[in-house]
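The values are calculated or read from the model by the stated rules, or taken from the named source; none is laboratory data. Nothing here was measured: the structure is a model prediction, and the numbers come from that model. All Cβ positions, even for glycine, are placed from backbone atoms using ideal geometry, and neighbour counts span all protein chains on display. Ligands, DNA and RNA are stripped out before the accessible areas are found, and what is left, the full protein with its side chains, is counted by its heavy atoms. Shrake-Rupley method; radii C 1.70, N 1.55, O 1.52, S 1.80 Å.
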Amino acid sequence: VSLSVEQKPVGAVPSQSAVLALAGGPGQAALPFASQLAKAIAPALTSRDLLVFDQRGTGTSAPLSCPIFNNFRTLEEATESTFGALVELCALQIGPARGSFTTKESVEDIEAIRHAAGYKKLVLYGTSYGTKVALEYAERYPQHVEALVLDSVVLSSGPEPFDIAKFQAMGPALEELCSNRACAGITSSPLVDMARLIAQLRRHELRGSAYDGSGHRHTVSIGEFNLLLILDAGDLNPALRALLPAAVRSALRHDPGPLLRLSLLAEGLIPNVPKSVPSAEAERTAREEENNALFFATTCEETPFPWRRTASALTRNEEALGALGAIPSLDFYPFDATSALHAGTIPSCENWPDASAPPSASSPLPDVPTLLLSGAQDLRTPTANARSVAAQIDRKSTRLNSS
(Lines give C-alpha, C1' and ligand atoms only; values in the text may rest on other atoms or scores of the structure.)
Protein backbone atom coordinates (compact mmCIF):
# COMPACT_ATOMS: atom_id res chain seq x y z
CA VAL A 1 0.00 0.00 0.00
CA SER A 2 1.41 3.39 -1.03
CA LEU A 3 0.74 6.20 1.44
CA SER A 4 0.47 9.89 0.55
CA VAL A 5 2.29 11.90 3.21
CA GLU A 6 3.00 15.64 3.53
CA GLN A 7 5.71 17.01 5.82
CA LYS A 8 5.87 20.62 6.95
CA PRO A 9 9.32 21.24 8.49
CA VAL A 10 9.64 23.82 11.24
CA GLY A 11 13.16 24.70 10.08
CA ALA A 12 16.05 23.66 7.90
CA VAL A 13 16.84 20.74 10.21
CA PRO A 14 14.12 18.21 11.08
CA SER A 15 12.84 18.44 14.65
CA GLN A 16 13.29 15.59 17.12
CA SER A 17 9.52 15.11 17.34
CA ALA A 18 6.64 15.86 15.02
CA VAL A 19 2.92 16.46 15.30
CA LEU A 20 1.03 13.84 13.31
CA ALA A 21 -2.56 14.84 12.47
CA LEU A 22 -5.28 12.24 11.97
CA ALA A 23 -8.64 12.82 10.30
CA GLY A 24 -12.01 11.31 11.19
CA GLY A 25 -14.24 8.76 9.58
CA PRO A 26 -13.18 6.04 9.17
CA GLY A 27 -12.91 7.01 5.54
CA GLN A 28 -11.96 10.68 5.72
CA ALA A 29 -8.80 11.78 3.96
CA ALA A 30 -6.55 14.20 5.88
CA LEU A 31 -4.50 15.87 3.12
CA PRO A 32 -7.40 18.06 1.88
CA PHE A 33 -7.45 19.56 5.40
CA ALA A 34 -3.68 19.92 5.84
CA SER A 35 -3.71 23.73 5.92
CA GLN A 36 -6.65 23.82 8.34
CA LEU A 37 -4.95 21.30 10.62
CA ALA A 38 -1.75 23.36 10.61
CA LYS A 39 -3.70 26.48 11.55
CA ALA A 40 -5.63 24.71 14.33
CA ILE A 41 -2.48 23.50 16.10
CA ALA A 42 -0.10 26.30 15.11
CA PRO A 43 1.26 26.81 18.67
CA ALA A 44 2.46 23.19 18.73
CA LEU A 45 4.37 23.71 15.46
CA THR A 46 6.76 26.39 16.67
CA SER A 47 9.30 23.71 17.54
CA ARG A 48 7.95 20.61 15.79
CA ASP A 49 7.45 19.47 12.22
CA LEU A 50 3.97 18.57 11.00
CA LEU A 51 3.04 15.27 9.36
CA VAL A 52 -0.26 14.75 7.58
CA PHE A 53 -1.19 11.65 5.61
CA ASP A 54 -4.19 9.99 4.03
CA GLN A 55 -4.75 6.76 5.93
CA ARG A 56 -4.70 3.63 3.80
CA GLY A 57 -7.86 3.24 1.74
CA THR A 58 -8.67 6.98 1.78
CA GLY A 59 -7.85 9.96 -0.42
CA THR A 60 -4.77 9.20 -2.48
CA SER A 61 -3.46 6.33 -0.30
CA ALA A 62 -4.64 3.27 -2.26
CA PRO A 63 -8.31 4.29 -1.95
CA LEU A 64 -10.78 1.46 -1.61
CA SER A 65 -13.58 1.33 -4.13
CA CYS A 66 -16.81 -0.62 -4.48
CA PRO A 67 -18.61 -0.34 -7.84
CA ILE A 68 -21.91 -0.73 -6.02
CA PHE A 69 -21.30 2.52 -4.15
CA ASN A 70 -21.00 4.33 -7.47
CA ASN A 71 -24.49 3.16 -8.46
CA PHE A 72 -26.38 6.12 -7.00
CA ARG A 73 -29.79 5.01 -8.22
CA THR A 74 -29.45 1.65 -6.45
CA LEU A 75 -28.32 3.37 -3.26
CA GLU A 76 -31.23 5.82 -3.35
CA GLU A 77 -33.72 3.00 -3.79
CA ALA A 78 -32.20 0.87 -1.03
CA THR A 79 -34.14 0.31 2.17
CA GLU A 80 -32.82 -0.73 5.55
CA SER A 81 -33.68 -4.35 4.75
CA THR A 82 -31.78 -4.27 1.43
CA PHE A 83 -28.84 -2.00 2.27
CA GLY A 84 -27.04 -4.71 4.24
CA ALA A 85 -26.93 -6.85 1.09
CA LEU A 86 -25.32 -3.95 -0.79
CA VAL A 87 -22.68 -3.62 1.92
CA GLU A 88 -22.04 -7.37 1.65
CA LEU A 89 -21.66 -6.98 -2.12
CA CYS A 90 -19.11 -4.22 -1.47
CA ALA A 91 -17.13 -6.63 0.71
CA LEU A 92 -17.11 -9.24 -2.04
CA GLN A 93 -16.09 -6.64 -4.62
CA ILE A 94 -13.10 -5.62 -2.49
CA GLY A 95 -12.16 -9.25 -1.89
CA PRO A 96 -9.94 -10.68 0.88
CA ALA A 97 -7.97 -7.40 1.05
CA ARG A 98 -10.90 -5.89 2.98
CA GLY A 99 -9.37 -7.33 6.14
CA SER A 100 -6.23 -5.21 5.73
CA PHE A 101 -7.87 -1.82 6.20
CA THR A 102 -8.52 -1.74 9.92
CA THR A 103 -7.16 0.58 12.59
CA LYS A 104 -4.43 -1.94 13.37
CA GLU A 105 -2.92 -1.48 9.90
CA SER A 106 -3.16 2.32 10.15
CA VAL A 107 -1.22 2.15 13.43
CA GLU A 108 1.55 0.18 11.75
CA ASP A 109 1.53 2.73 8.90
CA ILE A 110 2.10 5.54 11.40
CA GLU A 111 5.04 3.69 12.90
CA ALA A 112 6.48 3.13 9.41
CA ILE A 113 6.14 6.88 8.67
CA ARG A 114 7.77 7.83 11.98
CA HIS A 115 10.66 5.48 11.36
CA ALA A 116 11.18 6.56 7.75
CA ALA A 117 11.10 10.26 8.70
CA GLY A 118 13.51 9.74 11.58
CA TYR A 119 11.46 11.15 14.46
CA LYS A 120 12.03 9.89 17.99
CA LYS A 121 8.55 10.77 19.21
CA LEU A 122 5.18 11.92 17.92
CA VAL A 123 2.51 14.24 19.24
CA LEU A 124 -0.69 12.60 18.01
CA TYR A 125 -3.50 14.99 17.16
CA GLY A 126 -6.70 13.18 16.24
CA THR A 127 -10.31 14.13 15.65
CA SER A 128 -13.24 11.71 16.01
CA TYR A 129 -12.14 8.35 14.51
CA GLY A 130 -8.62 9.81 14.38
CA THR A 131 -8.61 9.71 18.20
CA LYS A 132 -9.17 5.93 18.09
CA VAL A 133 -6.17 5.57 15.78
CA ALA A 134 -4.09 7.79 18.06
CA LEU A 135 -5.07 5.81 21.17
CA GLU A 136 -4.29 2.49 19.51
CA TYR A 137 -0.88 3.80 18.45
CA ALA A 138 -0.24 5.02 22.00
CA GLU A 139 -1.13 1.57 23.34
CA ARG A 140 1.07 -0.23 20.80
CA TYR A 141 4.06 2.17 20.76
CA PRO A 142 3.98 4.12 24.06
CA GLN A 143 7.73 4.75 23.92
CA HIS A 144 7.29 6.88 20.80
CA VAL A 145 4.47 9.11 22.10
CA GLU A 146 5.33 12.58 23.37
CA ALA A 147 1.77 13.79 23.95
CA LEU A 148 -1.86 13.27 22.90
CA VAL A 149 -4.37 15.87 21.72
CA LEU A 150 -7.73 14.19 21.21
CA ASP A 151 -10.77 16.08 19.93
CA SER A 152 -14.17 14.29 20.03
CA VAL A 153 -12.97 11.03 21.50
CA VAL A 154 -13.70 7.53 20.17
CA LEU A 155 -12.53 4.78 22.50
CA SER A 156 -9.71 2.54 21.29
CA SER A 157 -12.06 -0.43 21.76
CA GLY A 158 -14.32 1.17 19.18
CA PRO A 159 -17.84 2.60 19.34
CA GLU A 160 -20.30 0.66 21.48
CA PRO A 161 -22.66 -0.92 18.89
CA PHE A 162 -25.91 0.32 20.48
CA ASP A 163 -24.61 3.86 21.14
CA ILE A 164 -25.84 3.85 24.74
CA ALA A 165 -23.59 6.79 25.64
CA LYS A 166 -25.19 8.82 22.84
CA PHE A 167 -28.70 8.26 24.15
CA GLN A 168 -27.62 9.09 27.69
CA ALA A 169 -26.10 12.37 26.44
CA MET A 170 -29.34 13.53 24.84
CA GLY A 171 -30.98 14.74 28.04
CA PRO A 172 -28.07 16.95 29.14
CA ALA A 173 -27.66 18.28 25.58
CA LEU A 174 -31.33 19.27 25.35
CA GLU A 175 -31.37 20.75 28.83
CA GLU A 176 -28.27 22.81 28.03
CA LEU A 177 -30.10 24.35 25.08
CA CYS A 178 -32.66 25.74 27.50
CA SER A 179 -30.28 26.79 30.27
CA ASN A 180 -30.38 30.37 31.56
CA ARG A 181 -34.08 30.55 30.66
CA ALA A 182 -33.29 30.37 26.93
CA CYS A 183 -36.55 28.45 26.36
CA ALA A 184 -38.73 30.64 28.58
CA GLY A 185 -42.22 30.79 27.10
CA ILE A 186 -41.51 27.71 24.95
CA THR A 187 -40.89 24.75 27.25
CA SER A 188 -39.76 23.96 30.76
CA SER A 189 -38.31 20.56 29.77
CA PRO A 190 -37.35 19.79 26.17
CA LEU A 191 -36.58 16.17 27.13
CA VAL A 192 -40.09 15.61 28.49
CA ASP A 193 -41.53 17.21 25.36
CA MET A 194 -39.42 14.89 23.23
CA ALA A 195 -40.67 11.86 25.15
CA ARG A 196 -44.31 12.98 24.75
CA LEU A 197 -43.88 13.47 21.01
CA ILE A 198 -42.16 10.10 20.59
CA ALA A 199 -45.07 8.42 22.37
CA GLN A 200 -47.41 10.02 19.83
CA LEU A 201 -45.20 9.08 16.88
CA ARG A 202 -45.34 5.42 17.95
CA ARG A 203 -49.09 5.57 17.40
CA HIS A 204 -49.02 7.53 14.14
CA GLU A 205 -46.50 9.49 12.09
CA LEU A 206 -46.64 13.23 11.56
CA ARG A 207 -47.50 14.10 7.98
CA GLY A 208 -47.58 17.34 6.05
CA SER A 209 -45.78 19.35 3.43
CA ALA A 210 -42.73 21.60 3.44
CA TYR A 211 -40.68 23.45 0.86
CA ASP A 212 -37.04 22.75 0.06
CA GLY A 213 -34.32 25.31 -0.67
CA SER A 214 -35.40 25.55 -4.31
CA GLY A 215 -39.02 26.27 -3.46
CA HIS A 216 -40.27 22.79 -4.35
CA ARG A 217 -42.98 21.32 -2.18
CA HIS A 218 -42.38 17.95 -0.53
CA THR A 219 -44.73 15.62 1.26
CA VAL A 220 -42.97 14.80 4.52
CA SER A 221 -43.69 12.18 7.14
CA ILE A 222 -41.87 11.90 10.46
CA GLY A 223 -41.68 8.90 12.74
CA GLU A 224 -39.59 8.18 15.83
CA PHE A 225 -36.56 7.23 13.75
CA ASN A 226 -36.78 10.45 11.71
CA LEU A 227 -36.80 12.46 14.92
CA LEU A 228 -33.64 10.68 16.00
CA LEU A 229 -32.01 11.58 12.66
CA ILE A 230 -32.90 15.25 13.18
CA LEU A 231 -31.36 15.15 16.64
CA ASP A 232 -28.20 13.49 15.25
CA ALA A 233 -27.91 16.04 12.44
CA GLY A 234 -27.77 18.78 15.06
CA ASP A 235 -24.22 17.66 15.87
CA LEU A 236 -23.11 19.21 12.59
CA ASN A 237 -25.68 22.01 12.46
CA PRO A 238 -25.98 23.97 15.72
CA ALA A 239 -28.84 26.07 14.33
CA LEU A 240 -30.89 22.94 13.66
CA ARG A 241 -30.30 21.69 17.21
CA ALA A 242 -31.25 25.10 18.64
CA LEU A 243 -34.53 25.15 16.73
CA LEU A 244 -35.54 21.65 17.85
CA PRO A 245 -37.17 22.37 21.26
CA ALA A 246 -39.57 24.92 19.76
CA ALA A 247 -40.30 22.67 16.76
CA VAL A 248 -41.12 19.73 19.04
CA ARG A 249 -43.38 21.96 21.15
CA SER A 250 -45.18 23.14 18.02
CA ALA A 251 -45.75 19.55 16.93
CA LEU A 252 -47.31 18.80 20.32
CA ARG A 253 -49.63 21.73 19.68
CA HIS A 254 -50.74 20.16 16.38
CA ASP A 255 -48.52 22.37 14.20
CA PRO A 256 -46.02 19.98 12.55
CA GLY A 257 -44.70 22.56 10.05
CA PRO A 258 -41.53 23.62 11.91
CA LEU A 259 -40.52 20.01 12.57
CA LEU A 260 -41.20 19.01 8.97
CA ARG A 261 -38.91 21.80 7.80
CA LEU A 262 -36.21 20.67 10.21
CA SER A 263 -36.51 17.18 8.68
CA LEU A 264 -35.78 18.59 5.22
CA LEU A 265 -32.92 20.62 6.66
CA ALA A 266 -31.45 17.49 8.27
CA GLU A 267 -31.68 15.66 4.94
CA GLY A 268 -29.86 18.50 3.16
CA LEU A 269 -32.87 19.48 1.04
CA ILE A 270 -32.81 22.94 2.61
CA PRO A 271 -29.27 24.33 2.26
CA ASN A 272 -27.45 25.79 5.24
CA VAL A 273 -25.40 28.14 3.06
CA PRO A 274 -25.96 29.67 -0.39
CA LYS A 275 -25.38 27.20 -3.19
CA SER A 276 -22.42 27.60 -5.50
CA VAL A 277 -21.36 25.71 -8.57
CA PRO A 278 -18.48 23.43 -7.51
CA SER A 279 -15.31 23.50 -9.56
CA ALA A 280 -13.74 20.32 -10.91
CA GLU A 281 -11.06 20.63 -8.21
CA ALA A 282 -13.71 20.98 -5.48
CA GLU A 283 -15.56 17.91 -6.74
CA ARG A 284 -12.31 15.91 -6.80
CA THR A 285 -11.51 17.00 -3.25
CA ALA A 286 -15.00 16.06 -2.08
CA ARG A 287 -14.58 12.58 -3.54
CA GLU A 288 -11.24 12.21 -1.76
CA GLU A 289 -12.50 13.45 1.59
CA GLU A 290 -14.89 10.56 2.30
CA ASN A 291 -14.63 6.90 1.32
CA ASN A 292 -17.72 4.79 2.01
CA ALA A 293 -15.99 1.54 1.09
CA LEU A 294 -13.26 2.19 3.65
CA PHE A 295 -15.86 3.21 6.24
CA PHE A 296 -17.65 -0.11 6.03
CA ALA A 297 -14.46 -2.15 5.69
CA THR A 298 -13.10 -0.71 8.92
CA THR A 299 -16.40 -0.45 10.80
CA CYS A 300 -17.73 -3.90 9.97
CA GLU A 301 -14.39 -5.63 10.52
CA GLU A 302 -13.56 -4.20 13.95
CA THR A 303 -16.65 -2.90 15.76
CA PRO A 304 -17.28 -5.08 18.86
CA PHE A 305 -20.66 -6.33 17.65
CA PRO A 306 -22.67 -8.62 19.96
CA TRP A 307 -22.37 -11.69 17.76
CA ARG A 308 -19.97 -14.46 16.84
CA ARG A 309 -17.88 -13.44 13.85
CA THR A 310 -18.44 -16.85 12.22
CA ALA A 311 -22.24 -16.69 12.57
CA SER A 312 -24.63 -16.29 9.64
CA ALA A 313 -26.47 -13.01 9.09
CA LEU A 314 -29.68 -14.47 10.55
CA THR A 315 -27.90 -15.75 13.65
CA ARG A 316 -26.06 -12.44 14.05
CA ASN A 317 -29.41 -10.64 14.06
CA GLU A 318 -30.76 -13.01 16.70
CA GLU A 319 -27.69 -12.58 18.88
CA ALA A 320 -27.84 -8.80 18.52
CA LEU A 321 -31.51 -8.80 19.57
CA GLY A 322 -30.63 -10.99 22.55
CA ALA A 323 -27.89 -8.59 23.65
CA LEU A 324 -30.18 -5.61 23.14
CA GLY A 325 -32.90 -7.22 25.26
CA ALA A 326 -30.52 -7.44 28.19
CA ILE A 327 -30.03 -3.64 28.27
CA PRO A 328 -32.44 -1.65 30.49
CA SER A 329 -34.94 0.23 28.30
CA LEU A 330 -34.35 3.45 30.25
CA ASP A 331 -30.80 3.55 28.85
CA PHE A 332 -32.31 4.70 25.54
CA TYR A 333 -34.81 7.23 26.94
CA PRO A 334 -36.58 9.11 25.41
CA PHE A 335 -36.21 6.63 22.52
CA ASP A 336 -36.37 2.85 22.76
CA ALA A 337 -34.20 -0.16 22.00
CA THR A 338 -35.66 -0.54 18.50
CA SER A 339 -34.46 2.94 17.60
CA ALA A 340 -30.99 2.09 18.92
CA LEU A 341 -30.87 -1.04 16.79
CA HIS A 342 -31.88 0.66 13.56
CA ALA A 343 -29.86 3.84 14.08
CA GLY A 344 -26.49 2.14 14.33
CA THR A 345 -24.32 0.06 12.03
CA ILE A 346 -25.67 -3.34 13.08
CA PRO A 347 -28.16 -3.63 10.16
CA SER A 348 -25.43 -2.63 7.68
CA CYS A 349 -22.80 -5.03 9.00
CA GLU A 350 -24.88 -8.15 9.73
CA ASN A 351 -24.07 -9.56 6.28
CA TRP A 352 -20.40 -8.52 6.25
CA PRO A 353 -18.01 -11.49 5.77
CA ASP A 354 -15.14 -10.84 8.18
CA ALA A 355 -11.68 -11.21 6.65
CA SER A 356 -9.52 -10.30 9.65
CA ALA A 357 -8.90 -11.54 13.17
CA PRO A 358 -10.82 -9.94 16.06
CA PRO A 359 -9.22 -6.73 17.37
CA SER A 360 -6.72 -7.20 20.16
CA ALA A 361 -7.59 -6.25 23.73
CA SER A 362 -6.71 -2.72 24.81
CA SER A 363 -3.35 -2.08 26.49
CA PRO A 364 -2.44 0.55 29.11
CA LEU A 365 -2.02 4.09 27.82
CA PRO A 366 1.27 5.91 28.36
CA ASP A 367 1.50 8.53 31.10
CA VAL A 368 2.07 11.47 28.78
CA PRO A 369 0.60 15.00 28.66
CA THR A 370 -2.90 14.57 27.24
CA LEU A 371 -5.52 17.12 26.25
CA LEU A 372 -9.05 15.82 25.69
CA LEU A 373 -11.58 18.09 23.99
CA SER A 374 -15.30 17.37 24.15
CA GLY A 375 -18.52 19.28 23.49
CA ALA A 376 -21.64 18.87 25.59
CA GLN A 377 -23.76 19.03 22.41
CA ASP A 378 -21.78 16.23 20.73
CA LEU A 379 -23.90 13.08 20.52
CA ARG A 380 -21.66 11.20 18.07
CA THR A 381 -18.69 11.20 20.44
CA PRO A 382 -20.16 12.00 23.87
CA THR A 383 -18.13 13.43 26.72
CA ALA A 384 -18.44 10.07 28.50
CA ASN A 385 -15.85 8.75 26.02
CA ALA A 386 -13.37 11.46 26.96
CA ARG A 387 -13.93 10.86 30.66
CA SER A 388 -13.29 7.15 30.17
CA VAL A 389 -9.94 7.89 28.51
CA ALA A 390 -9.06 10.45 31.18
CA ALA A 391 -9.59 7.78 33.82
CA GLN A 392 -7.00 5.57 32.13
CA ILE A 393 -4.28 8.23 32.19
CA ASP A 394 -2.53 9.74 35.20
CA ARG A 395 -4.58 12.77 36.23
CA LYS A 396 -1.40 14.85 36.68
CA SER A 397 -0.79 14.87 32.94
CA THR A 398 -4.37 14.94 31.66
CA ARG A 399 -6.75 17.82 31.08
CA LEU A 400 -10.33 17.45 29.89
CA ASN A 401 -11.84 20.50 28.23
CA SER A 402 -15.61 20.09 27.91
CA SER A 403 -17.80 22.86 26.56
Measure nothing but the geometry: give the 0 to 90° angle between the long axis through the Cα atoms of 238-252 and the longest principal axis through the Cα atoms of the chain, rounded to 10°. 20 degrees
Under 11 Å from the Cβ of VAL123, count the other residues' Cβ atoms, weight Lys and Arg +1, Asp and Glu -1, and hand me the total. 0
Counting Lys and Arg as +1 and Asp and Glu as -1, each charge on the Cβ, what is the dipole of the stretch 165-248 about the Cα centre in debye, to the nearest 20? 240 debye
What label, among [x] 55; [y] 61; [z] 68, belongs to percent of Cα pairs over 27 Å apart computed from the structure on display? [x]
Distance (nanometres) between label positions extended 7 Å along Cα→Cβ at ARG387 and LEU371: 2.3 nm
Roughly what % antiparallel, to the nearest 5, for the DSSP beta bridges in the chain? 30 percent
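When the chain is fully extended, how far beyond the present Cα-Cα distance does ALA195 get from LEU75, taking 0.36 nm per residue of separation?
Between ALA195 and LEU75, full extension yields an extra 40.0 nm.
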Rounded to two decimals, what ratio of Rg to Rh does the stretch 53-98 give with C-alpha atoms and a Kirkwood Rh? 1.04
What is the local net charge at ALA311, summed over the other residues whose Cβ is closer than 12 Å to its Cβ (Lys, Arg +1; Asp, Glu -1)? -1
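Can you tell me the dipole magnitude for the chain around its Cα centre, using point charges on the Cβ only (Lys, Arg +1; Asp, Glu -1), in Debye to the nearest 20?
Details: 34 positive and 43 negative charges, 167 e Å.
So the magnitude is around 800 debye.
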Quick check: residue separation of LYS8 and HIS218 times 0.36 nm, minus the Cα distance between them. What number comes out in nm? 70.7 nm
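Compute the accessible area per residue over the chain, keeping the other protein chains in place, probe 1.4 Å, unit Å². Don't skip to the answer; put the middle values down first.
Working: 19270 Å² over 403 residues.
Value returned for the chain: 48 Å² of accessible area per residue.
Could you grab the relative contact order for the chain? Cα pairs under 8 Å, six or more apart, rounded to a whole percent. Could you put the intermediate results ahead of the total?
On the way: 681 pairs, mean separation 93.6, N = 403.
Taking the mean separation of contacting Cα pairs over the length of the chain, I get 23 percent.
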So, with a 1.4 angstrom probe, what is the percent of accessible area on the chain that is carbon and sulfur? 54 percent
For the chain, set up a GNM with springs between Cα atoms under 10 Å and report which of SER106, SER189, SER128 has the largest fluctuation. SER189
Which parts of the stretch 347-375 would a label at ASN401 reach, counting a residue when its backbone N lies under 11 Å from a point 7 Å out along Cα-to-Cβ? 371-374
Calculate the spin-label point distance for SER312 paired with THR82, positioning each point 7 Å from the Cα along the beta-carbon direction, and give it in nanometres. 2.3 nm
With a Förster radius of 51 Å, plug the Cβ-Cβ distance of THR46 and SER329 into 1/(1 + (r/R0)^6) and report the FRET value to the nearest 0.05. 0.45
Of ILE110, PRO359, ILE68, which is farthest along the charge dipole of the chain in the positive direction, counting Lys and Arg as +1 and Asp and Glu as -1 at C-beta? ILE110
